[in-house]
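Below you'll find the structure, written out as C-alpha cells, and then a few comments.
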Amino acid sequence: MKKALVCGAGGFIGGHMVKQLKDEGYWVRGVDIKEHEFSVLPTDDFVVGNLCDPRVVEAVVDEGMDEIYQFAADMGGAGYIFTGEHDADVMHNSALCNLNTVHEATRKNVGKIFYSSSACIYPETIQTDPDNPGLKESFAYPAEPDSEYGWEKLFSERLYLSFQRNYGLEVHIARFHNIFGSEGTWCGGKEKAPAAMCRKVAEAAEGAEIEIWGDGEQTRSFLFIDECIEGVRRLMKSDFSGPVNIGSDEMISINNLAMMAADIAGKDIRLKHIEGPLGVRGRNSENTFIKEKLHWAPQGTLRAGMEKTYAWIAGQVERK
Ligand code: NAD
C-alpha cells in the first residue's frame, strides 16, 4: 500500500486530495494547524501541528514515504493577500513550511513531492489588460509578482527545484489559477471571488444590491476543484517536474461572475461597486504547456462548477 502525507489537509485543496488518495487505495496521513472545517476526512492518521516547527515536520514525515503533497500556506483571497497587513506572516510562515518540508523529505528519502505554487508568481506588468491572452509558464521571469504571497511562491518553487538538482529529490510543481468548489473557505475574509459571489448572492434578498470591489471589470479564470485534483495526480504520475499551470482558460470579469451566481440562484441582483483590494487587472491560464507535457488540460465549464459551488454555499448560509 502506498503511503502519502498531505500537508494542509485541513484546508480546501488538501481535504479534497485526501479523499482522492483514499479512493485510490493509499494510506494517508494529514497534517494541519487545524482540523478540516467542513468534512470528516477519511485519513488513516491526522496530526494537528504547525509545519513551521521542524519537530512537527520530523514527526509526520516517515522514512521512505512514497509521496508528499505540500498544500500548507498562510493564504487567502484578495482581502487577505493584497491589503499588505499580512505580508510578514505570509512570507515567514509559508517559507518555513516549505523549508522544513523539503529538508525532511530529502533526509527521509521520500519518493516524490508535490508543491502547490500559484498564478500569483507572474509579473504584474503583463497583467494590466483585462483581455489577458494567457500566462505562459515562461513569462515568470524577469520576476515581478504583485504580492509578497507571489514572491514567496516563486522562492519556494526555486527551493524545491534546487533540492531536486542538488539532492535528487523528485519534485513536481503546479501553478494553480484560482481553484474553487465545495468545502472551501466561503466567509471570514480569506475566501476567494467565486465563494464570495456565491455567499453574497445566497445572503441577498430578491432585487437587493451586492458589493463588488473596484469596477468589477477585472478578469480571472477559475478552475473547479475536481479538475485541479485530477491535474495534480496526472502531474505526480508523470516524469515532468514543471512548474506548469493548472488552471482554466475560460476568462470572466468579476461583474459577470457575480451575475452568473445570481442567474444560478434565480435571483434578480444589482451590483454596487465599492473600493477594495483588487490584484491585477487581467489574469488567465495558458494551457499549451500542460497539453504538451501531460496530454491533458482542464475541460469543464465555469458554469458547471459554479452550479455545484453555489448549491453547497447556499446550504452553508442557510445552516448558519
Ligand atoms: P487553504 O487555506 O484552504 O489550505 C491551506 C491549509 O494550510 C489550511 O488548512 C491551513 O490551516 C494550513 N496551514 C497554514 N499554515 C500552516 C502551518 N504552519 N502548519 C500546518 N498547516 C498550515 O488553501 P487552499 O485553497 O486549499 O490552497 C492550498 C495550496 O494551494 C496553498 O499552498 C495555496 O497557496 C495554493 N494555491 C491555491 C489556490 C486557490 O485558488 N485555492 C491558487 C493558487 C495556489
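The values are calculated or read from the model by the stated rules, or taken from the named source; none is laboratory data. Keep in mind that what you see is a predicted model, and the values were worked out from it rather than measured. Here the Cβ is made from the backbone with ideal geometry for all residues, glycine too, and neighbour counts use every protein chain on show. Ligands, DNA and RNA are stripped out before the accessible areas are found, and what is left, the full protein with its side chains, is counted by its heavy atoms. Shrake-Rupley method; radii C 1.70, N 1.55, O 1.52, S 1.80 Å.
Quick notes on this one:
- Test: residue 43 is modelled with pLDDT under 95, over 15 Å from the mean Cα position of the chain (by Cα) and of a type in the set (Ser, Thr, Tyr): no
- Selection within the stretch 163-196 - of a type outside the set (S, T, N, Q), in a loop (DSSP other than H, G, I, E, B) and either near the ligand (Cβ under 10 Å from one of its atoms) or open to solvent by less than 30 Å² (accessible area, probe 1.4 Å) (or both): 169, 177, 181, 183, 184, 186, 190, 191, 192
- Strands (runs of 3 or more DSSP E) (entirely within the stretch 1-77) containing at least 2 residues that are touching a residue at least 60 places away in the same chain (Cβ under 8 Å) and within 13 Å of the ligand (Cβ to nearest atom): 3-7, 67-70
- The residues of the stretch 288-320 that are in contact with a Cys (Cβ under 9 Å, 6 or more places away or on another chain) and surrounded by fewer than 12 Cβ atoms within 10 Å (Cβ to Cβ) amount to a single one, 320.
- Taken as a whole, the condition of being without any contact (Cβ under 8 Å) to a residue 12 or more places away in the chain and not assigned by TED's automatic domain parsing to the domain that holds residue 13 does not apply to residue 216.
- Index of the failed condition, residue 199 passing every other in (1) in the same structural domain as residue 94 (by TED's automatic domain parsing); (2) closer than 27 Å to residue 271 by Cβ; (3) away from the ligand (no atom under 15 Å from the Cβ): (1)
- Test: residue in the stretch 265-287 that is polar (S, T, N, Q), assigned to a loop (DSSP other than H, G, I, E, B) and surrounded by fewer than 16 Cβ atoms within 10 Å (Cβ to Cβ): no
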